[in-house]
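Colleague: Below you'll find the structure I mean.
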Amino acid sequence: NFAEVSSVTVDELFGGYDELYAITYSSSMGFICDILENFKYAEIIFGFEDLISDSLQEIIAFQTITLEKLREESNKKKLDLLSRVEKEALKLYVSRDKLSHEKTYILKAEDGRVRVITGSANMSYAAFQGKQRETIIYFDDIEAYKWYFETFRNLKESSTDDISRKAIEIGDAKENLDNLPISETLKVKKT
């Protein structure tokens, strides 16, 4: 049911929860690093508009670009990101063979409260700080949480690869294709 229209800050929207499960088409790594400070645990799936076919070249190119963005962050933010990945408090995934244009943020608190944020807003400063027009809708009920969390889980299982600490740390993915997330899938499938 449509309840009301209100203006809320990013902190009001994302604050007070312990876990974050996000699907975003594009992002700004600075925003991701800042928003992650609110959560004890997070998983993020990155989608990509140009990944229309599942050709290996496109997958490698996209994953290389994603890793380069992660590496470009300032040293402190990069170290925080790496530390979270190492402690398994953060899991990052990139699209493998499915396009995801979704923008969904699923939040859960230890006391049982839940929230689902969805709409047109990517995980970026431009989207959440009023620099461009966005539609943002949120639900604070368990049924929305269950449905969106199952959608997240299915997308993660069927179309993403995990980004490891090693992949983020290595300086040049072009020189180290074994460090790309897709290489683990290829090894497992003996491709």
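Colleague: If the Cβ limit is 8 Å and pairs must be 6+ apart or interchain, which residue in the range 11-29 that is assigned to a loop (DSSP other than H, G, I, E, B) pairs with which residue that is at pLDDT 95 or above and among the hydroxyl-bearing types (S, T, Y)?
Modeller: D18/Y41
A quick yes/no check of all residues on (1) more than 14 Å from Y21 (Cβ to Cβ); (2) surrounded by 12 or more Cβ atoms within 10 Å (Cβ to Cβ); (3) touching a strand residue (DSSP E or B) at 6+ places or on another chain (Cβ under 9 Å); (4) touching a residue at least 12 places away in the same chain (Cβ under 8 Å):
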{"position": "S120", "(1), (2), (3), (4)": "yes, yes, yes, yes"}
{"position": "F128", "(1), (2), (3), (4)": "yes, yes, yes, yes"}
{"position": "E143", "(1), (2), (3), (4)": "yes, no, no, no"}
{"position": "N154", "(1), (2), (3), (4)": "no, no, no, no"}
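Colleague: Evaluate the following for E72: is it acidic (D, E), modelled with pLDDT of 65 or more and exposed (fewer than 15 other Cβ atoms within 10 Å of the Cβ)? Steps first, answer last, please.
Modeller: Details: acidic (D, E): yes; modelled with pLDDT of 65 or more: no; exposed (fewer than 15 other Cβ atoms within 10 Å of the Cβ): yes.
Criteria not met by E72.
Colleague: May I pose another question? Give me the residue from the range 31-58 that is part of a helix (DSSP H, G or I) and modelled with pLDDT under 80 and, out of that set, surrounded by the most Cβ atoms within 10 Å (Cβ to Cβ).
Modeller: So in the range 31-58, the residues part of a helix (DSSP H, G or I) come out as 31-36, 56-58.
Imposing the further condition that a residue be modelled with pLDDT under 80 reduces the set to 56-58.
On the way: L56: 12, Q57: 8, E58: 16.
Checking each candidate, the answer is E58.
Colleague: Right, here's the next one. Please pick out the residue among E102, E88, E134 that is closer than 14 Å to I23 by Cβ, open to solvent by 50 Å² or more (accessible area, probe 1.4 Å) and in a loop (DSSP other than H, G, I, E, B). Spell out the reasoning first.
Modeller: Values: E88 fails: closer than 14 Å to I23 by Cβ; E134 fails: closer than 14 Å to I23 by Cβ.
Being closer than 14 Å to I23 by Cβ, open to solvent by 50 Å² or more (accessible area, probe 1.4 Å) and in a loop (DSSP other than H, G, I, E, B) holds for just one of E102, E88, E134, which is E102.
Colleague: Can you name every residue in the range 1-10 that is in a loop (DSSP other than H, G, I, E, B) and of a type in the set (A, V, I, L, M)? Talk me through it step by step, then tell me what you get.
Modeller: Just the residues of the range 1-10 that are in a loop (DSSP other than H, G, I, E, B), to begin with: 1-9.
Result: A3, V5, V8.
Colleague: Moving to a separate point now. Spot the failing condition for Y17; the list is (1) at pLDDT 90 or above; (2) within 15 Å of the chain's Cα centre (by Cα), and only one is missed.
Modeller: (2)
The values are calculated or read from the model by the stated rules, or taken from the named source; none is laboratory data. Not measured: the values here are computed from a predicted model. No Cβ is skipped: glycine too gets one built from the backbone with ideal geometry, and neighbour counts run over all protein chains shown. Heads up: the accessible areas ignore ligands, DNA and RNA and are worked out on the full protein's heavy atoms, side chains in. Shrake-Rupley method; radii C 1.70, N 1.55, O 1.52, S 1.80 Å.
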